[in-house]
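**Q** This is the structure I have questions about; it appears just below.
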Amino acid sequence: MGSEGSIERSKTATPGKAIILALGKAFPHQLVMQEFLVDGYFRSTNCDDPDLKEKLTRLCKTTTVKTRYVVMSEEIIKKYPELVVEGLPTVKQRLEICNSAVTQMAIEAAQSCIKNWARPVSDITHLVYVSSSEVRLPGGDLYLAKGLGLRPETQRVMLNFSGCSGGVAGIRVAKDIAENNPGSRVLLATSETTIIGFRPPNAKRPYDLVGVALFGDGAGAMIIGSNPDPTIESPLFELHTAMQHFLPDTEKIIDGRLTEEGISFKLGRELPQIIEDNVEGFCEKLMKVPGYPQNDYNKMFWAVHPGGPAILNRLEKKLDLLPDKLNASRRALADYGNASSNTIVYVLEYMLEENKKTRKEDQEEDEWGLILAFGPGITFEGILTRNLAA
C-alpha cells in the first residue's frame with residue numbers, strides 16, 4: 001500500500017502493478033439441477049429418512065443455487081460403494097478420485113485461460129496452485145505443471161486447505177510474485193471437488209446437509225503479471241492493495257478435519273453475523289489509499305466470494321449496497337454453487353460480462369472495487385482493485 005500516492009482516474013495500467021490478464025474455468029461433466037438433487041442424493045446413498053429429506057429440500061431452496069457441476073457420479077458409487085456406507089475408512093479411495101479429478105480440471109481451466117491470454121505457455125514463469133481437495137507428495141502443482149507442459153524452471157507455490165478464501169489468497173500471492181519479479185507471468189490455478197467430504201445423510205450430523213445443498217466442483221485460472229504488452233495482452237483488473245486479516249478465537253467457526261472417512265466440515269451458525277460485524281472495518285483498511293473517497297461503497301464494484309446467500313445479504317445490509325452491486329456474486333452462486341476457492345474466478349467473469357452490457361463513455365463509477373473472500377480462521381482476504389477492461 002505504502003507509496004502509491006494519489007489515485008489516478010485514468011484507465012492506463014499503473015507501471016509495476018500486478019494485473020489480471022486473462023481468466024479461465026473448467027468443470028466436471030456431471031451437471032446437477034438443484035430441483036432434482038434431493039431425490040438423487042437420497043437414492044444414491046440408500047437413505048430413506050423423511051425428516052432429513054424434508055430438511056435438505058428446504059435448504060436447497062434457501063441456498064438460491066440452481067445448478068452445479070460435480071465429480072460424483074453413479075459410476076463412481078458403483079466402483080466405490082463404500083463411499084455411501086457410514087463409518088467405513090475411505091480416505092484412500094477418496095484421494096484416489098480427488099487427486100486425479102482436480103488435476104484434470106485444473107489443466108482444463110489453465111488451458112482455457114492461456115488460450116484467452118494468447119501468449120505461449122512457455123512464457124509462464126511462476127505457478128500458484130490452490131486446492132483444499134487433495135493430499136499427496138509431490139503436490140498437485142507438479143502434476144499441473146507437467147500436464148500443461150510448463151518449463152522445468154517454472155517456480156511453483158501451492159496453497160492447501162485455505163477453503164473459501166483460497167482463491168483470493170492465491171491472487172494475493174500471485175500479485176506479490178508478479179510485482180517482485182519484473183517480466184514474470186504467473187499462472188494461478190484453483191481446483192476443488194466435494195468428493196473429499198461426501199457422506200451419507202445422518203441425523204446426528206444435520207449440518208452436513210448444508211454442504212450438500214450449497215457446494216459444487218470446478219476449477220478456475222488466471223494469468224497475472226505487471227507492465228502488460230499492449231500488442232498482445234488485454235488488462236482486466238489491476239491489483240492495487242492486498243490484505244489478509246484473521247479474527248482471533250474464531251478458528252472453530254469453520255472447522256474441517258481429515259479423518260478416515262474423508263474431510264469432515266462444521267460451519268458455525270454465527271458465521272454470517274461475525275462477517276457482518278467485521279467486514280466494514282476490514283474494507284476501510286483496504287481503502288486507506290491517499291486520495292480515495294472512503295465509505296462511498298456504491299461507487300465501487302464488489303467481487304465477493306458467495307459463501308452463501310446469508311453472507312451476501314448481511315454484507316449488502318451492513319454496507320447499504322444497492323441491490324445490483326452483488327449481482328455477479330449471486331449469479332455465480334446460482335449457476336455453480338459455492339465452489340470454494342474457484343468461485344472468485346466465476347464472479348470476476350460475470351462482472352466483466354455485466355460491465356460490457358452497462359458501460360457508458362467516461363463512466364468513473366465502478367472503476368474501483370474490492371475483491372473479497374472469507375475462509376477458515378476466520379480469515380478475511382481482500383484486494384483493492386481497478387477495472388481496466390474496456
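Yes or no, residue by residue, for (1) among the aromatic types (Phe, Trp, Tyr); (2) under 27 Å from Gln30 (Cα atoms); (3) surrounded by 23 or more Cβ atoms within 10 Å (Cβ to Cβ); (4) not assigned by TED's automatic domain parsing to the domain that holds Tyr129:
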| residue | (1), (2), (3), (4) |
| --- | --- |
| Leu321 | no, no, no, yes |
| Asn342 | no, yes, yes, yes |
| Leu352 | no, yes, no, yes |
| Lys356 | no, no, no, yes |
| Ile383 | no, no, yes, yes |
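**Q** Just to be sure I understand, how many residues within segment 10-29 are surrounded by 11 or more Cβ atoms within 10 Å (Cβ to Cβ) and at pLDDT below 95?
**A** So the answer is 3.
**Q** Report whether or not Lys325 is of a type in the set (Lys, Arg), surrounded by 19 or more Cβ atoms within 10 Å (Cβ to Cβ) and farther than 16 Å from Leu214 by Cβ.
**A** The answer is yes for Lys325.
**Q** Now for a different question. Taking the criterion of being closer than 17 Å to Gly225 by Cα and not assigned by TED's automatic domain parsing to the domain that holds His245, would at least one residue in segment 135-148 satisfy it?
**A** No: segment 135-148 contains no residue that is closer than 17 Å to Gly225 by Cα and not assigned by TED's automatic domain parsing to the domain that holds His245.
Condition check ((1) buried (at least 16 other Cβ atoms within 10 Å of the Cβ); (2) in contact with a Phe, Trp or Tyr (Cβ under 7 Å, 6 or more places away or on another chain); (3) more than 24 Å from Gln30 (Cβ to Cβ)) across all residues:
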site	(1), (2), (3)
Glu134	yes, no, no
Leu144	yes, yes, no
Met158	yes, yes, yes
Ser162	yes, no, yes
Ile171	yes, no, yes
Arg185	yes, no, yes
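**Q** For segment 247-263, give me each residue that is part of a strand (DSSP E or B) and surrounded by 17 or more Cβ atoms within 10 Å (Cβ to Cβ).
**A** Ile254, Gly262, Ile263
**Q** Further question on the same structure: For a quick check of your reading of the model, give me the residue pairs whose first member lies in segment 280-306 and is over 27 Å from Asn342 (Cβ atoms), whose second is at pLDDT 90 or above and aromatic (Phe, Trp, Tyr), with beta-carbon atoms closer than 9 Å and at least 6 apart or on different chains.
**A** That search, which allows pairs on different chains as well, returns Tyr292/Trp368; Lys299/Trp368.
**Q** Can you work out which of the residues in segment 292-306 that are modelled with pLDDT under 95 and in a loop (DSSP other than H, G, I, E, B) is nearest to Ala106 (Cα to Cα)?
**A** Met300
**Q** Picking from Tyr41, Tyr80, Tyr69, which residue would you name as being surrounded by 13 or more Cβ atoms within 10 Å (Cβ to Cβ), in contact with a strand residue (DSSP E or B) (Cβ under 6 Å, 6 or more places away or on another chain) and at negative phi?
**A** Tyr69
**Q** Right, here's the next one. Going through segment 309-334 one residue at a time, which ones are among the aliphatic types (A, V, I, L, M) and part of a helix (DSSP H, G or I)?
**A** Hits for segment 309-334 are Ala310, Ile311, Leu312, Leu315, Leu326, Ala328, Ala332, Leu333, Ala334.
**Q** Of the conditions (1) touching a residue at least 24 places away in the same chain (Cβ under 8 Å); (2) in the same structural domain as Leu144 (by TED's automatic domain parsing); (3) surrounded by fewer than 22 Cβ atoms within 10 Å (Cβ to Cβ); (4) of a type outside the set (Phe, Trp, Tyr), Leu214 clears all except one; give me its number.
**A** With respect to (1) touching a residue at least 24 places away in the same chain (Cβ under 8 Å); (2) in the same structural domain as Leu144 (by TED's automatic domain parsing); (3) surrounded by fewer than 22 Cβ atoms within 10 Å (Cβ to Cβ); (4) of a type outside the set (Phe, Trp, Tyr), Leu214 is out only on (3).
**Q** Could I ask something else about it? May I ask you to list pairs of residues, at least six apart or on different chains, whose Cβ atoms are under 8 Å apart, with the first in segment 170-199 being assigned to a loop (DSSP other than H, G, I, E, B) and at pLDDT 95 or above and the second being of a type in the set (Asp, Glu) and crowded, with 22+ Cβ neighbours inside 10 Å?
**A** Thr193/Asp217
**Q** Then there's this: At least 2 residues that are touching a residue at least 40 places away in the same chain (Cβ under 8 Å) and β-branched (Val, Ile, Thr) in each: list the helices (runs of 4 or more DSSP H) lying fully within segment 32-143 that qualify.
**A** By residue number, 91-117.
To keep it simple, each residue is scored yes or no on (1) closer than 13 Å to Leu214 by Cβ; (2) among the acidic types (Asp, Glu).
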{"position": "His29", "(1), (2)": "no, no"}
{"position": "Val32", "(1), (2)": "yes, no"}
{"position": "Gly40", "(1), (2)": "no, no"}
{"position": "Asn46", "(1), (2)": "no, no"}
{"position": "Asp51", "(1), (2)": "no, yes"}
{"position": "Thr63", "(1), (2)": "yes, no"}
{"position": "Lys66", "(1), (2)": "yes, no"}
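**Q** If you take the residues of segment 187-211 that are surrounded by 18 or more Cβ atoms within 10 Å (Cβ to Cβ) and hydroxyl-bearing (Ser, Thr, Tyr), which of them is farthest from Ala106 (Cα to Cα)?
**A** Restricting to residues being surrounded by 18 or more Cβ atoms within 10 Å (Cβ to Cβ) and hydroxyl-bearing (Ser, Thr, Tyr), the top hit is Thr194.
The values are calculated or read from the model by the stated rules, or taken from the named source; none is laboratory data. Since this is a predicted model, take the numbers as computed values, not measurements. Reconstructed Cβ throughout: ideal geometry from the backbone, glycine too, with neighbour counts over all protein chains shown.
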